[in-house]
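Values in this text are rule-based calculations from the coordinates and carry no lab data. Quick caveat, the model's predicted, so the values are computed rather than measured. Positions of Cβ are generated from backbone atoms using ideal geometry, with glycine treated the same way; all protein chains shown enter the neighbour counts.
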Amino acid sequence: MRALAVAAFATFMFTANVASAADKSATEQLDDSAITAKVKAALIGDPVTKAHSIDVEVYKGRVQLNGFVNSDPERKQAVVVARGVKGVIAVDNNLEIKGAKRTAGVTVDDATLTGKVKAALAKDDRTKAHQINVESRNGIVQLAGFVSTKAEVLSANDVARSVAGVASVDNQIAVK
């Protein structure tokens, strides 16, 4: 059953990675989609990472690992696993270690905050929200992904900071 779930997820990831399609050839898009699927599947299959909460972004073989994990060993193992995937040129480890246990209310608040930041990015004509991954934990918003200019990185940071409830922004967005 787990193998079926990993295969289904890998297929989804393979077809869903279109964030920067305009900047890549069809071959590069397929390569990055395949790498995304392979890295995510490897992370899910690894007994240390169990990567259900790790977001993987890939641009021309450069992998970003984004989100929040439970421990430093899990954070480090995620990099080892990603580097072991064929086609990976570099790995940016943007993973943060989660804090204490959270209540259901805090989890809902984080999901709401993530939604508000995504909506604000979508409304702002300076940012391409579909290229930016947003994760939130205890009011800390992590931005990641690949954009075309430094101005877009700065604009996304400004937009996220302007959202009520954001305590701080961890901006890991990279310029292509």
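What to note about this one:
- In this simple spin-label model, placing a label point 7 Å from the Cα along the Cα-to-Cβ direction at both V79 and K176 gives a separation of 2.7 nm.
- Annotation: peptides 124-137, 155-168, ranked by per-residue average of other Cβ atoms within 10 Å with the highest first, follow the order 124-137, 155-168.
- Approximate shape of segment 104-175 as ellipsoid semi-axes (Cα gyration tensor, √5λ), whole Å, largest first: 20, 11, 10
- Contour minus Cα-Cα distance for D124 and L154 (0.36 nm per residue): 9.6 nm
- Nitroxide proxy distance, nm - points 7 Å out along Cα→Cβ at A111 and D31: 3.8
- Förster radius 41 Å - calculated FRET efficiency between A90 and N138, Cβ distance, rounded to 0.05: 0.90
- Fewest-first sequence of T36, T114 by Cβ atoms within 10 Å of each Cβ: T114, T36
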